[in-house]
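This report refers to the structure that appears directly beneath it.
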């Protein structure tokens, strides 16, 4: 069976052509978003149509699997289903992009934490039950997401100015990084017409570097984030009935920090000594294809 896998995000859309024997036949990356909340259904239809045509080339395919950002509710899924029907795709399976990433990282069963601008933890057990924790949006404390790290740091620096919090080398480093003169000017990252959550998130590397150097405030923020992520994983472990024995993996820009990954793994192994901590096996687009092949077989058993 040959499947097309689609990993659709807020800035790029990744396609692959995948054979169930494990061979990747072709790949394609379009610098186009496919979150319909951001660009609308018509734009997503255009991107998916172009990608499927280009990645399939001279191959025929049996099924399409799509992991798309912004697909969290039944209403979202219905809108995306209409796209595939309009493109005359007979057999397709759609999930949130985090589920596709889980398939790629763990092979379909286990727990995945995504740490990018925001964060989310997703689990899938042997029965196919999917559970999640977090991922409610950058404004709702997505622990260990880049936006969360920077916002926590700026809040603490403002509290220090008010005499409520400890001082930190982050004051000079974040003001320099964001090219402002004073710590109080950092609030305009949030309250101006140029608000950019990705720009704010990019400062997370400054917070993590400070933690690595032993800055007390940065280390406290990191500790708080890691403890809360571990609580999220523990909830998914319980809901999925893994009893502590599960495959765990990770993805996202925050994990590109070797220091953060090292600290995360160290804390994880204390909390979950029976679990297996592993690097992602495949990309989310391959995961989407694997998901589609599996679901297709289950449907016709």
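The values are calculated or read from the model by the stated rules, or taken from the named source; none is laboratory data. The model shown is predicted, which means the values in this text are computed figures rather than measured ones. Here the Cβ positions follow ideal geometry from the backbone for every residue, glycine too, while neighbour counts run over all protein chains shown.
Couple of notes before you dig in:
- Unique residue being at negative phi and either part of a helix (DSSP H, G or I) or not assigned by TED's automatic domain parsing to the domain that holds residue 226 (or both) when the list is 176, 142: 176
- Restricting the range 81-95 to residues that are buried (at least 23 other Cβ atoms within 10 Å of the Cβ) and either at pLDDT below 95 or assigned by TED's automatic domain parsing to the domain that holds residue 205 (or both), the residue that is nearest to residue 293 (Cα to Cα): 95
- Evaluated against (1) assigned to a helix (DSSP H, G or I); (2) more than 30 Å from residue 56 (Cβ to Cβ); (3) in contact with a strand residue (DSSP E or B) (Cβ under 6 Å, 6 or more places away or on another chain), residue 248 falls short on exactly one condition, (1).
- Filter result (within 13 Å of residue 144 (Cβ to Cβ) and touching a helix residue (DSSP H, G or I) at 6+ places or on another chain (Cβ under 7 Å)) within the range 234-258: 251, 253, 254, 255, 257
- Within the range 51-70, considering residues that are assigned to a loop (DSSP other than H, G, I, E, B) and touching a strand residue (DSSP E or B) at 6+ places or on another chain (Cβ under 9 Å), the one surrounded by the fewest Cβ atoms within 10 Å (Cβ to Cβ): 60
- Residue-level check: of (1) surrounded by 18 or more Cβ atoms within 10 Å (Cβ to Cβ); (2) farther than 19 Å from residue 263 by Cα, residue 149 misses just (2).
- Pairs, first free of Cβ contacts under 8 Å to residues at least 12 places away in the same chain in the range 122-137, second assigned to a loop (DSSP other than H, G, I, E, B), C-beta under 8 Å, six or more apart: 136/142
- Here the range 267-284 is the region considered, the condition is being touching a strand residue (DSSP E or B) at 6+ places or on another chain (Cβ under 9 Å) and assigned to a loop (DSSP other than H, G, I, E, B), and the residue that is nearest to residue 16 (Cα to Cα) is 283.
- Scanning the range 224-255 for residues that are loosely packed, with under 15 Cβ neighbours inside 10 Å and modelled with pLDDT under 95 yields nothing.
- Boolean, residue 110 is modelled with pLDDT under 95 and either within 27 Å of residue 281 (Cα to Cα) or not assigned by TED's automatic domain parsing to the domain that holds residue 67 (or both): no
Here is a yes/no grid of residues against (1) touching a residue at least 12 places away in the same chain (Cβ under 8 Å); (2) within 30 Å of residue 130 (Cβ to Cβ):
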{"site": "188", "(1), (2)": "no, no"}
{"site": "197", "(1), (2)": "yes, yes"}
{"site": "201", "(1), (2)": "yes, yes"}
{"site": "218", "(1), (2)": "yes, no"}
{"site": "225", "(1), (2)": "yes, yes"}
{"site": "237", "(1), (2)": "yes, yes"}
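- Reported count of residues in the range 161-173, each being in contact (Cβ under 8 Å) with a residue 12 or more places away in the chain and in a helix (DSSP H, G or I), is 4.
- Sole residue being more than 29 Å from residue 276 (Cα to Cα) and crowded, with 19+ Cβ neighbours inside 10 Å, chosen from 208, 186: 186
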